[in-house]
């Protein structure tokens, strides 16, 4: 008798969990909460170094779009100034 009660409570718990999971997944799909933008395309990042005149590729946003050579040579303030100048040039 105890086993039957235990298995029925486990089944009820599992049913509750699956019901809640289904509701959450359908709500997420309705909101459009998908990892990629519509159409499955990502925007292409400009990976060039932000220092004026530099033709090297950077390592991306994690490293501030500054190439390895300029990360070693320039101070943090100079790197930020290069990024700010690059952004100002692009907005104009």
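Here, each number is a calculation from the coordinates, and none is a lab measurement. Note that the structure is predicted; figures quoted are calculated from it, not measured. Reconstructed Cβ throughout: ideal geometry from the backbone, glycine too, with neighbour counts over all protein chains shown.
A few notes on this one:
- Potential extension, residue 47-residue 78 segment - 0.36 nm per residue separation minus Cα distance: 9.3 nm
- Spin-label model distance (nm) - residue 11 vs residue 27, 7 Å beyond Cα toward Cβ: 2.8
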